[in-house]
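**Q** Sharing a structure here in structure tokens format.
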Amino acid sequence: MEKLLELKNVHVSFHTYGGEVKAVRGVSFHLEKGESLAIVGESGSGKSVTSKAVMRLLPNKTSEIKEGQILFEGKDLARLPEKGMEKIRGKEISMIFQDPMTSLNPTMTIGKQIMEGLRKHQNMSKSEAQERAINLLKLVGIPNPEIRIKEYPHQFSGGMRQRVVIAIALACNPKVLIADEPTTALDVTIQAQILDLMRDLQKKTGTAIILITHDLGVVANLAQRVAVMYGGTIVETGTVDEIFYNPKHPYTWGLLSSMPKLNAESKELLAIPGTPPDLLNPPKGCPFAARCPHAMQVCLNHMPESTKVSSTHQAACWLLDERAPKVEPPEAALVGGAR
Ligand code: SF4
């Protein structure tokens, strides 16, 4: 498969009064044409910062892509001047955010909001853009689009608003769609509908998706591959099956253990004890060491390198070193009936 987007050793820092917060520390991954990759982790793991770095939506004055490359169609987005990014953002790479209300302008009809990007990036006439906007609303499942196009965001329910946001993001046929917690603000039934819609649209349009989420249930529904982030680093990547059925990193075990199981007798969720590392003073060794029940001396002093488990599966954990003791994942991390 062809690589569409590739991040190589990306480091992102925020400059605060307290010092430099190293929010993303050496992240590398790629996205293939038409695939769906989930980036999973707790809040503060660096997943949203990574996706905003791709879109170059981080605040200029207080943040910086310090190192690394973000390669998209032969260009390094990490160093591309803002003028060049304006041609890519919204056209080649689009993004949808958690809360549809904050992504929509409350004072503009949704028709105008969809047409804006089409007029700007695709040089469409007003009537062409209007026709395309109606078709987009149909595509995302909004009934009576000819009428609803004239309405304002407050006249739509939360789920319908997220459909509008998806329509706007897809308006210019982007090659990549970044969805940052796209269903978190919605109730469970609507969440399922939006995930179905995204899966359907991906099949129809061939757009590659980067899905940012803390929810492994969402991953199982939509993604083909998964990157697990912790403490500003990627600790494990693999296909959905590899991550769900053969996870290798203790943090992934913790995430899986905290996921509700369909076949479990107890409905109690297991939280991962402890808190994420302070990225103002990141640990020298493994970022998960302070919370890991299997931490060894080497974990405290040396950052584990990524080890290949299969051609599609890698994890950064000293337990994969041949000198380490053999440790099996806890029973709660085995997902049998979770998918
Ligand atoms: Fe735990 Fe060590 Fe593996 Fe980190 S490297 S996850 S501390 S065993």
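**Q** Quick one: count up the residues across segment 322-339 that are closer than 17 Å to Asn246 by Cα and within 9 Å of the ligand (Cβ to nearest atom).
**A** Of the residues in segment 322-339, 1 are closer than 17 Å to Asn246 by Cα and within 9 Å of the ligand (Cβ to nearest atom).
**Q** Report, ordered by the first and then the second residue, all pairs with beta carbons closer than 7 Å, sequence separation of six or more or different chains, a first member in segment 65-82 that is on the phi > 0 side of the Ramachandran plot, and a second member that is open to solvent by less than 20 Å² (accessible area, probe 1.4 Å) and part of a strand (DSSP E or B).
**A** Gly68/Leu7; Gly68/Val10
**Q** Only one residue in Gln69, Gln98 is in a loop (DSSP other than H, G, I, E, B), open to solvent by 60 Å² or more (accessible area, probe 1.4 Å) and not basic (Lys, Arg). Which one?
**A** Exactly one of Gln69, Gln98 is in a loop (DSSP other than H, G, I, E, B), open to solvent by 60 Å² or more (accessible area, probe 1.4 Å) and not basic (Lys, Arg), namely Gln98.
**Q** May I ask you to list the residues in segment 307-321 that are within 11 Å of the ligand (Cβ to nearest atom) and in a loop (DSSP other than H, G, I, E, B)?
**A** Within segment 307-321, Ala316, Cys317, Asp321 meet the criteria.
**Q** I've got another one for you. Would you check which residues across segment 289-306 are within 16 Å of Thr237 (Cα to Cα), within 11 Å of the ligand (Cβ to nearest atom) and buried (at least 16 other Cβ atoms within 10 Å of the Cβ) and list them?
**A** Hit for segment 289-306 is Pro304, nothing else.
**Q** A further question follows. Quick one: in segment 7-36, of everything that is part of a loop (DSSP other than H, G, I, E, B) and farther than 26 Å from His313 by Cβ, which residue is most open to solvent (accessible area, probe 1.4 Å)?
**A** Filtering segment 7-36 for residues that are part of a loop (DSSP other than H, G, I, E, B) and farther than 26 Å from His313 by Cβ, the one most open to solvent (accessible area, probe 1.4 Å) comes out as Tyr17.
**Q** Could you give every pair whose Cβ atoms fall below 7 Å, whose first residue belongs to segment 308-323 and is under 19 Å from Met229 (Cβ atoms), and whose second residue is more than 9 Å from the ligand (Cβ to nearest atom) and assigned to a helix (DSSP H, G or I), counting only separations of at least 6 or pairs across chains?
**A** Thr312/Glu242; His313/Glu242
**Q** List pairs: first in segment 289-302 and without any contact (Cβ under 8 Å) to a residue 12 or more places away in the chain, second open to solvent by 50 Å² or more (accessible area, probe 1.4 Å) and more than 6 Å from the ligand (Cβ to nearest atom), Cβ under 8 Å, 6+ apart or cross-chain?
**A** Qualifying pairs under 8 Å: Ala289/Leu300.
**Q** Quick one: what pairs do we get from segment 144-165, first residue at positive phi, second surrounded by 15 or more Cβ atoms within 10 Å (Cβ to Cβ) and at pLDDT 95 or above, C-beta under 7 Å, 6+ apart or different chains?
**A** Close Cβ pairs (under 7 Å, with a partner that is surrounded by 15 or more Cβ atoms within 10 Å (Cβ to Cβ) and at pLDDT 95 or above) do not exist here.
**Q** Over 26 Å from the mean Cα position of the chain (by Cα) and open to solvent by 50 Å² or more (accessible area, probe 1.4 Å): is that true of Arg199 in this structure?
**A** No; evaluated as a whole, the condition is false for this residue.
Conditions (1) open to solvent by less than 30 Å² (accessible area, probe 1.4 Å); (2) among the β-branched types (Val, Ile, Thr); (3) within 16 Å of the ligand (Cβ to nearest atom), marked per residue:
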| site | (1), (2), (3) |
| --- | --- |
| Val218 | yes, yes, no |
| Asn221 | no, no, no |
| Val226 | yes, yes, no |
| Met229 | yes, no, yes |
| Thr239 | no, yes, no |
| Glu242 | no, no, no |
| Pro247 | yes, no, yes |
| Pro250 | yes, no, yes |
| Ser257 | yes, no, yes |
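The values are calculated or read from the model by the stated rules, or taken from the named source; none is laboratory data. Predicted model, so just to flag it, every value in this text is computed and none were measured. Using ideal geometry, Cβ is built from the backbone for each residue, glycine included, and neighbour counts are taken over all protein chains shown. Ligands, DNA and RNA are excluded from the accessible area calculation, which covers all protein heavy atoms including side chains. Shrake-Rupley method; radii C 1.70, N 1.55, O 1.52, S 1.80 Å.
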